[in-house]
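Below is one structure; the comments refer to it alone.
Each value in this text was obtained by applying a stated rule to the coordinates, not by laboratory testing. As the structure is a prediction and not an experimental result, all values here were calculated from the model. Because the Cβ atoms are built from the backbone with ideal geometry, glycine has one as well, and the counts that use them run over all protein chains shown.
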Ligand code: ASP
């Protein structure tokens with residue numbers, strides 16, 4: 001046996017025990033004649049001490065230890081004279097009688113402690129060293145616990161975990177596929193799944209009425225901040241269900257996760273908001289409802305005062321920032337520049353300050369009198385001391401900008417506490433989204449999503465306005481401004497599925513080529529079914545109070561989609577290319 005205990009285990013009750021620990025030397029330091037060693041493993045840190053009067057050989061070994069040496073150390077558990085209340089093992093130390101160096105270590109390129117002095121790139125390159133740090137240990141531990149709870153909950157509810165293949169054909173999520181050449185079928189390629197969507201639906205046809213899988217998904221997208229080309233989903237599907245059944249089952253799962261992993265109670269039942277309300281009030285389909293500051297439409301209140309910008313605007317909306325009337329001119333100017341950045345894209349920003357005495361100061365004083373401004377302030381729910389911010393333009397676009405501004409002001413005012421959890425369902429999504437550029441409809445969720453039964457007559461209409469009003473039986477689970485999951489009740493009828501492809505401008509041949517297998521399957525008794533998938537990495541990150549998923553993945557890629565540790569992607573041998581019958585024609589930039 002290498003060790004009798006881990007480095008996080010021993011307490012004052014163990015005083016007097018003879019123990020052997022094994023782990024990594026975080027630090028060794030000499031103090032007076034004594035040598036102190038912080039020994040670390042994934043369970044914690046224990047202080048070891050070699051007394052001044054210990055045998056010379058032992059003192060020599062102790063003083064020769066470098067950072068990250070792997071050692072085995074034996075001795076007696078003794079009470080510390082200077083206790084450290086911050087460490088679970090801080091009441092004791094081990095008075096050593098023996099040290100064996102199991103392996104030496106090169107000098108690590110950064111400090112491996114709670115906080116590291118290493119930059120992001122360096123830590124990614126030596127990820128296995130970064131993973132020794134407590135914050136990453138906590139993150140992976142949380143991830144493990146969440147996965148365990150998910151399996152417990154779903155197993156108890158009769159779900160079966162079934163694996164689906166990775167080497168498949170394109171799936172319908174609409175991102176770019178990663179492809180893998182087939183040596184045995186020259187000139188042909190597999191696609192890696194963007195999700196197991198079609199397979200889980202086929203499992204429903206096959207009668208496995210409650211399926212789940214914690215599964216890797218692959219999407220070749222430009223990596224906006226905090227996306228990964230491969231990520232993990234908790235993927236689920238159920239048969240003989242309506243929307244209510246799916247929502248009930250999975251809010252139950254989230255409730256159990258929060259309770260058992262974090263000891264946090266989330267509301268029962270969860271609040272729900274329609275997509276339309278989310279857009280109108282929060283300017284986002286994933287609203288952060290930890291704070292108010294909602295959007296108010298003031299279009300009718302601003303017309304006809306001779307201010308062309310607002311007279312011509314299709315939509316004018318306002319948010320009221322509580323207590324921000326003290327914002328100086330300079331701060332408002334800075335905010336104006338902020339909303340003009342391409343990431344937000346506004347042309348300008350109008351402000352109305354409601355002074356403590358109820359009077360107004362605004363950037364539109366020239367056109368609007370006190371009564372006008374009061375009417376706007378009332379509509380925006382403003383009180384003396386508040387600052388009203390106004391944007392105008394096309395309806396949804398302006399609401400989205402106001403939504404971004406709202407989040408920024410929420411952050412600046414400290415209203416977005418990561419330890420506070422405000423989950424909700426967004427429901428009643430539009431089924432289809434019109435794209436001006438390509439002049440066609442796209443599925444807002446994916447092409448297997450069913451229209452709401454009461455909207456079916458519009459679904460079969462050819463009028464654009466009718467199709468635009470069709471709502472889907474689709475839902476998203478949103479937490480603190482992040483979409484953690486989403487799904488829908490599916491189409492299970494071959495004719496309706498064909499109609500969907502038609503609406504999306506996917507011709508019969510293309511539909512047959514891409515999704516013929518599922519249309520086929522639907523002819524053999526497909527049950528009514530629906531499901532959803534949660535972004536597992538993000539669930540973990542949010543539960544951990546972080547907004548980046550990277551630390552919750554053991555070996556993530558960087559923003560260029562590279563694994564800098566193993567240096568991948570990389571070129572392959574000419575012989576491999578030859579076997580695959582592939583000729584490269586790489587254009588240099
Ligand atoms: N496959 C969908 C997605 O990955 C989720 C679902 O509809 O179940 O977004």
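Hey, quick one: spin label on residue 214, modelled 7 Å out along Cα-Cβ, who in the range 223-244 has an amide N within reach, i.e. under 12 Å? Of the residues in the range 223-244, 232-235 have backbone N under 12 Å from the label point off residue 214.
For the range 1-158, the calculated P(r) over all alpha carbon pairs, in 10 Å bins from 0 to the bin holding the longest distance, is 10, 35, 32, 15, 6, 1, 0 percent.
Computed from Cα positions, the angle between helix 494-503 and the longest principal axis of the chain comes to roughly 80 degrees.
Please report 148, 446 as a ranked list, fewest other C-beta atoms within 10 angstrom at the top and most at the bottom. Please report the intermediate quantities before stating the final value.
Working: 148 12, 446 22.
So the ranking, lowest neighbour count to highest, is 148, 446.
Placing a pseudo-label 7 Å from each Cα along the Cα-to-Cβ vector at residue 576 and residue 408 gives an inter-label distance of 4.5 nm. Residue exposure proxy: 584, 131, ordered by other Cβ atoms within 10 angstrom of their Cβ from fewest to most, comes out as 584, 131. Just so you know, the averaged projected area of the alpha carbon convex hull for the chain sits at 36.7 nm². Computed from the C-beta positions of residue 122 and residue 245, the FRET efficiency with R₀ = 60 Å rounds to 0.75.
Report the calculated FRET efficiency for residue 145 and residue 436 (r = Cβ-Cβ distance, R0 = 45 Å), to the nearest 0.05. Show your work: numbers first, answer last.
Working: r = 46 Å, r/R0 = 1.02.
According to the calculation, E is roughly 0.45.
How much length, in nm to one decimal, is gained on full extension between residue 365 and residue 56, taken as 0.36 nm per residue of separation minus their Cα-Cα distance? Provide the component values of the computation, followed by the final result.
Details: separation 309, 0.36 × 309 = 111.24 nm, distance 8.49 nm.
Here the segment from residue 365 to residue 56 would lengthen by 102.8 nm.
When the helices of the chain are scored as -39500 (n - 2.57) per DSSP H run of n ≥ 4 and the total is divided over every residue, the value at 222 nm lands at -8500 deg cm²/dmol. Taking every DSSP beta bridge that has both ends in the chain, the antiparallel portion is near 95%. The ranking of 330, 587 from fewest to most other beta carbons within 10 Å of each one's beta carbon is 587, 330.
Helix 329-340 and the longest principal axis of the C-alpha atoms of the chain enclose an angle of approximately 80°. Modelled label positions at residue 560 and residue 15, each set 7 Å beyond Cα in the direction of Cβ, lie 5.8 nm from each other.
Each 5 Å bin, from zero up to the one with the longest distance, holds this percent of the alpha carbon pairs of the range 415-454: 5, 17, 17, 15, 11, 10, 12, 10, 2. Ellipsoid semi-axes for the range 86-163, based on the Cα gyration tensor and the rule √(5λ), read 34, 21, 14 Å when sorted largest first.
Contact order for the chain, expressed relative to its length and based on alpha carbon pairs under 8 Å spaced 6+ residues apart, stands at 13 percent.
In percent, what relative contact order does the range 359-505 have, based on Cα pairs under 8 Å that are 6 or more apart in sequence? Kindly include the intermediate steps, with their values, before the conclusion.
On the way: 157 pairs, mean separation 29.3, N = 147.
That works out to 20 percent.
Give the relative contact order (percent, whole number) for the range 475-568; include only Cα pairs under 8 Å separated by 6+ residues.
Details: 82 pairs, mean separation 24.7, N = 94.
Once divided by the residue count of the range 475-568, the mean separation gives 26 percent.
Suppose R0 equals 30 Å; then what is the FRET efficiency for residue 226 and residue 420 from their Cβ-Cβ distance, rounded to the nearest 0.05? It comes to 0.90. Oblate is the label for the range 458-589, because the ratio a/c of its alpha-carbon gyration tensor axes (a ≥ b ≥ c) is 1.5 or higher and a/b is not greater than b/c.
Computed from Cα positions, the angle between helix 243-257 and the longest principal axis of the chain comes to roughly 30 degrees. Between residue 111 and residue 176, the distance separating the two model label sites (each 7 Å from Cα on the Cα→Cβ line) works out to 4.1 nm. Across q = 0.13, 0.16, 0.27, 0.28 Å⁻¹, the range 1-63 modelled as identical point scatterers on its alpha-carbon atoms has Debye log10 I(q)/I(0) values of -0.37, -0.55, -1.20, -1.22, in the order of the q list.
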